[in-house]
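Working notes, beginning with the structure itself.
The values are calculated or read from the model by the stated rules, or taken from the named source; none is laboratory data. Everything quoted here is computed from the prediction, not taken from an experiment. Neighbour counts are summed over all protein chains in view; Cβ atoms, including those assigned to glycine, are modelled from backbone coordinates with ideal geometry.
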């Protein structure tokens with residue numbers, strides 16, 4: 001490696017490593033968070049599944065059965081991924097006396113270990129009876145009651161450290177059923193957003209060029225085929241393959257990001273990464289060939305003091321200093337990476353680049369890393385923030401005087 005290349009690589013690695021060192025050594029980790037400091041980020045899907053094998057559980061109603069069949073075929077050739085069906089036809093959240101998903105999910109998660117959950121409901125949802133009142137789909141009371149049940153369900157999945165992908169309902173043939181599906185999707189989208197799940201929009205994937213319901217459309221091969229059943233709700237096998245693909249492509253993207261995270265030399269061995277991310281430490285089967293660490297204590301005879309030499313990681317021809325993880329830094333890092341925890345940071349977009357085939361440069365982009373947002377002022381609750389009110393709730397904000405959306409007349 002030439003001198004200029006080595007200098008560039010050292011500078012780039014230093015820029016990547018600096019926020020990590022600042023976090024690990026910072027004695028005031030919590031105050032730094034309040035000021036928008038860059039935290040350690042983790043992939044949405046755990047990089048270290050048990051036995052190096054990902055298990056995807058599909059939950060839902062009859063539509064969930066179909067999505068399971070599509071995902072099963074999509075991941076069939078990948079021996080490191082297993083797709084498990086735990087969906088149940090004729091179920092939902094509006095009639096818990098028939099089947100209570102919020103009670104059953106606890107046992108489902110106890111029976112077996114999963115890393116990913118794919119969820120879809122809506123084929124059997126309807127009005128909710130609360131006392132003597134019957135709450136119609138889309139009414140304010142229905143949104144509140146139904147939203148509480150959906151939110152409780154997502155929270156249980158996230159508490160079990162599952163990556164959750166909620167597949168939204170597609171357009172329906174019946175106008176009334178389409179209207180109900182839109183109301184359901186609004187609840188699913190909002191509760192997924194608030195509780196750290198990913199909402200997968202499938203609506204436009206089954207419409208014609210005018211945005212209306214169509215039983216026919218391009219399948220996974222690009223050929224126009226029949227995708228919907230006669231009831232206008234369910235799908236043919238080709239339709240389910242396409243519906244499942246919306247979730248599949250998002251899952252594959254996150255699995256690739258998880259793979260990048262576990263392959264980063266600067267992040268340490270699997271045991272250290274597991275400690276930082278708050279996961280159970282699993283002994284590595286194969287040591288990382290490129291990771292060479294050395295730590296020694298040098299005694300200075302003249303002063304009688306002891307100076308600790310930082311461990312080093314050799315990436316290619318570059319020696320990178322990397323501090324040991326103290327209990328304090330581990331606790332701070334775990335807080336940052338725990339979904340829903342106070343001080344936890346939002347997901348960031350990870351950008352990676354290989355340098356000379358030996359080094360990997362990383363960068364993350366998120367709202368919290370934007371210097372313009374760093375402020376000591378208290379942040380508004382999520383439900384009161386403008387982007388949430390406009391993009392999630394669909395509210396129209398009051399225009400400010402002189403702004404482009406101010407149409408008051410006459411002008412003063």
Checklist entry - What number goes with the only condition from (1) surrounded by fewer than 18 Cβ atoms within 10 Å (Cβ to Cβ); (2) at pLDDT below 95; (3) touching a helix residue (DSSP H, G or I) at 6+ places or on another chain (Cβ under 9 Å) that residue 196 does not pass? => result (1)
Next on the checklist: If I ask for residues that are in a loop (DSSP other than H, G, I, E, B) and touching a helix residue (DSSP H, G or I) at 6+ places or on another chain (Cβ under 9 Å), which ones from the stretch 57-104 would you list?
Outcome noted: 75, 80, 86, 87, 88, 89, 90, 91, 92, 93, 94, 96
Item to check | Checklist (1) within 19 Å of residue 143 (Cα to Cα); (2) assigned to a loop (DSSP other than H, G, I, E, B); (3) over 28 Å from the mean Cα position of the chain (by Cα) applied to residue 169, failing item | outcome: (3)
Checklist entry - From 221, 236, which residue is surrounded by 14 or more Cβ atoms within 10 Å (Cβ to Cβ) and without any contact (Cβ under 8 Å) to a residue 60 or more places away in the chain? => result 236
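Condition check ((1) closer than 17 Å to residue 83 by Cβ; (2) modelled with pLDDT of 60 or more) across all residues:
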{"residue": "240", "(1), (2)": "yes, yes"}
{"residue": "251", "(1), (2)": "yes, yes"}
{"residue": "256", "(1), (2)": "no, yes"}
{"residue": "260", "(1), (2)": "no, yes"}
{"residue": "264", "(1), (2)": "no, no"}
{"residue": "270", "(1), (2)": "no, yes"}
{"residue": "278", "(1), (2)": "no, no"}
